[in-house]
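Reviewing the structure listed below.
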Amino acid sequence: MASAAEQLAANLNFSAFAKAEELKKRIWFTLGALLVYRFGTYVPLPGINPEAFAQAFGQAQQGIVGLFNMFTGGAVERMAILALGIMPYISASIIIQLLTSVVPSLEQLKKEGEQGRKVINQYTRYGTVVLATFQAYGIAIGLEGATNVVVDPGWFFRISAVISLVGGTMFLMWLGEQITARGIGNGISLIIFAGIVAGLPAAIVSTLELGRQGALATPIILGIILLSVAVIALIVFMERAQRRLLIQYPKRQMGNRMFEGNTSFLPLKLNTAGVIPPIFASSLLLVPATISGLGTTGGEDSILTTVTALLGHGQPLYMLLYAALIVFFCYFYTAIVFNPTDTADNLKKHGGFIPGIRPGERTAQYIDYVLTRITSVGAIYIVLVCLLPEFLISATGVPFYFGGTSLLIVVSVTMDTVSQIQGHLLAHQYEGLVKKAKLRGKRR
């Protein structure tokens, strides 16, 4: 059965969109905020020699630095004030959510509703500042260790770099929250999405140039295109896939009226965690590179340098840890956003039940059993989508933008944003119908 959003999408027209003034304001606000973000990726960090840094980046962009550059929309390549991107905020969110599961006081805050959520968000902001400061200092030390990149090395440069980079991250965090509240879609996801999409044209041109120079054979380029299309189709199919549990409601009597029992469905998404697992996994794998930046003065043979080399993009250890972290965060984030016990209690309060399953604890156990099974399929799907193109990238040197992680983020965020737009249009049409009904009632 088609959902209300799908039915609306089939009947949408430009006149309905033109009348939705609130929706248009939200879209314009989102586009304006993303333009501000893109402008910030071109504001250079003070005290950097652009030519020397461009040469140093060209030697390192095939490693973990290239992956970081993709998530920051090219800000690392230009060493802009937004070079840290939104990753410290994501890392802080991971840490706080992990602590919420093990620290009783934080778990209690989580149960306090909106007020508790505000306190947890504030803790996440504090954690973002700490992590961003740590990473910014590591970048400053790493830049000073490179040849002729910093014009005037010393504490003044380090302090100014830390302030600039941390300020850029906090600005992006605030901008993402504003997009979520006053625009369309999830602000943090849209910022990452905008960074990836901004690099797509250059990535396509770079790939075609490799083909023109003979570095990439034409069959390989065609294979890349076909693989990208196949991955996108798989993502769309899997992101829309659901396991629907039949819910029955018995007959009810209200006063002198008897209401017939009805049925509905409890939809469980195959990929409840969305794009969070690969983003979280990628952000954690960037940590060793930051620590290595702090230890650059220890020599080429330092342990940190060895670890960073082993965790380089496309290395076997990187692939193994990436897959393991994706699977872990699939289960972890699903457990956070969906509570089978709460769902079973709500069904029991409203008189609903799953046929053949006793209401209450047995229902919660059954929902958890089904959710665990479909999450296993979802985790395997995300690992395949994110890793299979990585092997192609390692073998051919195709830009990172064609990786499974970037395709997953772009497609998933696009689908989520379009779904929210459809929801706003549906709400607008419903309000219009209510107003017309009231006017008819007054005329009568």
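The values are calculated or read from the model by the stated rules, or taken from the named source; none is laboratory data. On a predicted model such as this, the values are computed, not experimentally measured, just so you know. Quick reminder, even Gly has a Cβ in these numbers, built from the backbone with ideal geometry, and neighbours come from all protein chains shown. Surface areas here come from the heavy atoms of the whole protein model, side chains and all, with no ligands, DNA or RNA. Shrake-Rupley method; radii C 1.70, N 1.55, O 1.52, S 1.80 Å.
Numbers at a glance
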| item | result |
| --- | --- |
| Residue match in segment 191-205 (condition: under 13 Å from Pro46 (Cβ atoms), open to solvent by 40 Å² or more (accessible area, probe 1.4 Å) and within 28 Å of the chain's Cα centre (by Cα)) | no |
| Hey, Val65 at pLDDT 75 or above and not aromatic (Phe, Trp, Tyr) or not | no |
| Test: Leu210 is farther than 30 Å from Pro88 by Cα, open to solvent by less than 70 Å² (accessible area, probe 1.4 Å) and aliphatic (A, V, I, L, M) | yes |
| Pairs with Cβ under 9 Å, 6+ apart, first in segment 362-376 and farther than 17 Å from Leu347 by Cα and touching a residue at least 24 places away in the same chain (Cβ under 8 Å), second open to solvent by 20 Å² or more (accessible area, probe 1.4 Å) and outside any helix (DSSP H, G or I) | Ile374/Ala241; Ile374/Gln242; Ile374/Arg243; Ile374/Lys269; Ile374/Leu270; Ile374/Thr272; Thr375/Leu270; Thr375/Thr272 |
| Matching residues in segment 348-369 - criterion: being more than 24 Å from Gly274 (Cβ to Cβ) and of a type in the set (A, V, I, L, M) | Ile354, Ile357 |
| Segment 215-229, residues that are free of Cβ contacts under 8 Å to residues at least 24 places away in the same chain and open to solvent by 60 Å² or more (accessible area, probe 1.4 Å) | Thr218, Pro219, Leu222, Ile225, Leu226, Val229 |
| So Leu172, is it over 25 Å from the mean Cα position of the chain (by Cα), surrounded by 21 or more Cβ atoms within 10 Å (Cβ to Cβ) and in contact (Cβ under 8 Å) with a residue 60 or more places away in the chain | no |
| Residues (exposed (fewer than 13 other Cβ atoms within 10 Å of the Cβ) and more than 21 Å from Arg373 (Cα to Cα)) located in segment 318-357 | Leu320, Asn346, Lys349, His350 |
| Neighbours by Cβ (under 7 Å, 6+ apart or cross-chain): first from segment 85-106, modelled with pLDDT under 85; second of a type in the set (Lys, Arg) | Thr100/Lys110 |
| Segment 233-274, residues that are in a loop (DSSP other than H, G, I, E, B) and either open to solvent by 50 Å² or more (accessible area, probe 1.4 Å) or at pLDDT 80 or above (or both) | Ala241, Pro250, Lys251, Gly255, Asn256, Glu260, Leu270, Asn271, Thr272, Ala273, Gly274 |
| Only listed residue being free of Cβ contacts under 8 Å to residues at least 60 places away in the same chain and assigned to a helix (DSSP H, G or I), chosen from Glu112, Glu144 | Glu144 |
| Subset of segment 100-139 [surrounded by 12 or more Cβ atoms within 10 Å (Cβ to Cβ) and hydrophobic (A, V, I, L, M, F, W, C)] | Val103, Leu106, Leu109, Val119, Ile120, Val129, Val130, Leu131, Ala132, Phe134, Ala136, Ile139 |
| All positions within segment 175-187 that are crowded, with 22+ Cβ neighbours inside 10 Å and at pLDDT below 90 | Gly183, Ile184, Gly187 |
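Matching residues to (1) in contact with a Gly (Cβ under 6 Å, 6 or more places away or on another chain); (2) at pLDDT below 90; (3) within 19 Å of Asn186 (Cβ to Cβ):
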{"site": "Gly360", "(1), (2), (3)": "no, yes, no"}
{"site": "Tyr369", "(1), (2), (3)": "no, no, no"}
{"site": "Ser376", "(1), (2), (3)": "no, no, no"}
{"site": "Val385", "(1), (2), (3)": "yes, yes, no"}
{"site": "Pro389", "(1), (2), (3)": "yes, yes, no"}
{"site": "Ala395", "(1), (2), (3)": "no, yes, no"}
{"site": "Pro399", "(1), (2), (3)": "no, yes, no"}
{"site": "Phe402", "(1), (2), (3)": "no, yes, no"}
{"site": "Val413", "(1), (2), (3)": "no, yes, yes"}
